[in-house]
Amino acid sequence: MTAYIIRRILWQIPVLLIVGMMTFGIAKITPGGPFDTDPDRRQLSPAVEKILRQKFGMDLPFWRQFTRYMFFDFVENPKTGETELQWGAIGGNFGPTYSSRGNRTVQQELFEERSGKPSRFYYSARLGIQALIFAVVLGIPMGVLAALRQNTIIDYLILFISTFFVSLSTLIVGFLLVIVFAVNLNWFTVIADWQDPIRPWILPTIALGSTSLGFITRLTRSSVLEVKRQDYIRTAQAKGLADQIVIWRHMLKNALLPVVTVLGPLAAGLITGTLYTEIIFQVPGMGNLLVEAISKRDYSMITSGALIFVFFLGVANLLVDIAYGAIDPRISYK
């Protein structure tokens, strides 16, 4: 397994490079620039803009700009005057943000605490993980129950609930939760107090995890129904094994493989892509910041967001592949 994990990690390197180059290139060829598309700042004079372009290396050829951002560059230390090696994104340095004119880095914007509050990444990651747990903990049991009670009122009710959540977007579910529970019932506040460790997280977690809940429920039901009709299940039942043993030892393990497969992309998407939920519930995460970076042509922030998403997607898929072996011992990593 160790060799398999190492190979998967090594394969992530070219994937990250390709995604970084494509994202960086698309951002560069998009009309406009970071100094003339920022609505929060006044128009710069040509002389000042030229100085800023030289400062950020925007006057260099594309390949040079990309290698500086992705790999490394030799920069002059303003204090000592000596030339020093400065690593790029491959070394964890995502560079300065164009919107701050270089006063802040991408790492500071995404991963540092702000005025005693947790980082933007903390809010997005916690919200995504909570939404995934919510969807899995409820979705899998509901799907199994619906399959075991096929064509009963329980099955129809679970199918209705799952279809309802799958049909509605996170945006609509979020607004419904705010209107019902915050405005009408007054159980929660419209403007959340994020100093509270529990209450402000409840509604956004449900809103973000609702679509995934419906999808996991329906997928689990379909998978269990398929496994339920297999010959080895009939054989186990014919031997007189208890229903609980048949379900847990034989049916559920094989039925969960398709569900586990989709958890990788779901996890990466929920952790890094919580835009609508963050806007509706005013979560101070990084989703809104990354979208603003696109409108402001903040090249380093845009490319960093894509690299972070691909990184978490790779990690999540690797964990899913490792989980295959725990669920089904027949799967080999060779």
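Some points to look at:
- Which listed pairs, of 79/296; 55/296; 55/117; 28/79; 117/296; 79/117, have C-alpha distances above 27 Å, in listed order: 79/296; 55/117; 28/79; 79/117
- Relative to the longest principal axis of the Cα atoms of the chain, the long axis of helix 252-272 makes an angle of roughly 20 degrees.
- Placed amide H near residue 105: partners under 5 Å, 5+ positions off or other chain: 97
- Qualifying trypsin sites (Lys or Arg not before Pro) for the range 1-73 [loop in DSSP, other Cβ within 10 Å: at most 15]: 41, 42
- Within the range 50-102, the chymotrypsin sites (Phe, Trp or Tyr not before Pro) that combine a DSSP coil assignment with at most 16 other C-beta atoms in a 10 angstrom radius are 71.
- The Kirkwood radius of the chain, taken over pairs of alpha-carbon atoms, gives through the Stokes-Einstein law at 20 °C and 1.002 mPa s a diffusion coefficient of 93 µm² s⁻¹.
- Between 0 and 90°, nearest 10: helix 120-148 axis offset from the chain longest Cα axis: 20
- Note on residue 253 and residue 189: their simple-model spin labels are 5.0 nm apart, each label 7 Å out from Cα toward Cβ.
- Modelled FRET efficiency - R0 51 Å, residue 164 with residue 54, Cβ distances, 0.05 increments: 0.35
- Each label point was placed 7 Å from the Cα along the Cα-to-Cβ direction; for residue 4 and residue 28 their separation is 3.9 nm.
- Put simply, when 306-313, 172-179 are sorted by average Cβ atoms within 10 angstrom per residue, most first, you get 306-313, 172-179.
- Taking the 1.4 Å solvent-accessible surface of the chain as the whole, the part contributed by carbon and sulfur is 65%.
- Think of it as helices only: each DSSP H run of n ≥ 4 in the chain is worth -39500 (n - 2.57), and spread over all residues that comes to -20500 deg cm²/dmol at 222 nm.
- Comparing 45, 86, 63 along the charge dipole axis of the range 25-96, the residue lying farthest to the positive side is 45, per the Cβ-charge model.
- The chain: angle of helix 2-29 to the longest principal axis, Cα-based, in degrees nearest 10: 50
The values are calculated or read from the model by the stated rules, or taken from the named source; none is laboratory data. In this text, all values refer to a predicted model and were calculated from it rather than measured experimentally. Glycine also receives a Cβ, built like all others from the backbone with ideal geometry; neighbour counts cover every protein chain displayed. The area values use the complete protein model at the heavy-atom level, side chains included, leaving out ligands, DNA and RNA. Shrake-Rupley method; radii C 1.70, N 1.55, O 1.52, S 1.80 Å.
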